[in-house]
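Okay, structure first, notes after.
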C-alpha cells in the first residue's frame with residue numbers, strides 16, 4: 001500500500017517508513033501540529049495484528065490513535081480501495 005496522510009482535525013498525521021508500507025508489514029505516522037508541522041507523537045499499526053501503539057505528547061497520541069483506528073476500520077470495510 002502507498003503511504004497515506006491523515007487529516008485528523010486539530011492534528012495532521014504524516015506517513016513515515018514507506019518501506020514498511022510497501023511491504024504491508026506495518027504503518028506509521030508522525031502526529032504533527034498542523035500550522036508548524038512539528039511532530040509531537042508517533043502512532044504505529046501492525047499490519048498483521050492491527051495493534052496500534054502510540055508514544056509522545058498524550059493529546060497528540062490519543063488523537064492520532066483514534067484517527068488511525070478509523071483508518072484501519074475503513075480498510076477492513078472497503079478492501080482494495
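The values are calculated or read from the model by the stated rules, or taken from the named source; none is laboratory data. On a predicted model such as this, the values are computed, not experimentally measured, just so you know. Heads up, the Cβs are rebuilt from the backbone with ideal geometry, glycines too, and the neighbour counts pull from every protein chain shown.
Residue count for the range 25-69, restricted to those that are in contact (Cβ under 8 Å) with a residue 24 or more places away in the chain, out of contact with any strand residue (DSSP E or B) (no Cβ under 7 Å at 6 or more places or on another chain) and within 18 Å of residue 3 (Cβ to Cβ): 1.
The residue list 63, 54 contains one member that is more than 11 Å from residue 11 (Cβ to Cβ) and at pLDDT 95 or above, which is 54.
I'm trying to understand the selection: among the residues of the range 2-20, which are assigned to a loop (DSSP other than H, G, I, E, B), out of contact with any strand residue (DSSP E or B) (no Cβ under 7 Å at 6 or more places or on another chain) and either on the phi > 0 side of the Ramachandran plot or crowded, with 16+ Cβ neighbours inside 10 Å (or both)? Break it down stepwise before answering.
Going through the range 2-20, the residues assigned to a loop (DSSP other than H, G, I, E, B) turn out to be 2-5, 9-10, 17.
Right, trim to out of contact with any strand residue (DSSP E or B) (no Cβ under 7 Å at 6 or more places or on another chain) and you get 2, 9-10.
The answer is 9, and nothing else.
Among the residues of the range 21-52, write down those that are outside any loop (DSSP other than H, G, I, E, B), farther than 21 Å from residue 76 by Cα and over 10 Å from the mean Cα position of the chain (by Cα). Answer for the range 21-52, where residues must be outside any loop (DSSP other than H, G, I, E, B), farther than 21 Å from residue 76 by Cα and over 10 Å from the mean Cα position of the chain (by Cα): 32, 39, 40, 41.
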